[in-house]
Amino acid sequence: MCGKDHSMMNVKPDSKCVTECVKAGAKYALYDGKSVYILSDQKEPKKFAGQKVKITGTYNEATKILQVDSMVAAGK
């Protein structure tokens with residue numbers, strides 16, 4: 001719902017905003033500073049909501065979905 005920032009819903013902290021957006025029907029996604037990528041895995045991202053992460057995977061142009069192979073907190 002919020003996309004690149006959390007100003008639309010005005011919910012703090014960012015992790016709570018992400019959780020609220022997903023409850024309202026949004027999908028977990030990765031924002032790289034320019035684009036938003038919907039993630040194939042919609043369970044694992046819950047524990048990283050609102051955090052910076054490193055994702056390994058493959059982007060499918062046809063489906064516009066990032067196939068997640070692994071996800072870890074950024075800096076690890």
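Data table
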| read-out | value |
| --- | --- |
| Residues of segment 42-76 classified as open to solvent by 50 Å² or more (accessible area, probe 1.4 Å), closer than 17 Å to Val18 by Cα and of a type outside the set (Lys, Arg), total | 3 |
| Filtered residue count, segment 26-76, keeping only those that are more than 20 Å from Pro13 (Cβ to Cβ) and more than 13 Å from the chain's Cα centre (by Cα) | 13 |
| Residues of segment 28-60 satisfying the condition of being more than 17 Å from Ala74 (Cα to Cα) and touching a helix residue (DSSP H, G or I) at 6+ places or on another chain (Cβ under 9 Å) | Gln42 |
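The values are calculated or read from the model by the stated rules, or taken from the named source; none is laboratory data. Just so it is clear, the model here is predicted, and its values are computed rather than measured. No Cβ is skipped: glycine too gets one built from the backbone with ideal geometry, and neighbour counts run over all protein chains shown. Ligands, DNA and RNA are excluded from the accessible area calculation, which covers all protein heavy atoms including side chains. Shrake-Rupley method; radii C 1.70, N 1.55, O 1.52, S 1.80 Å.
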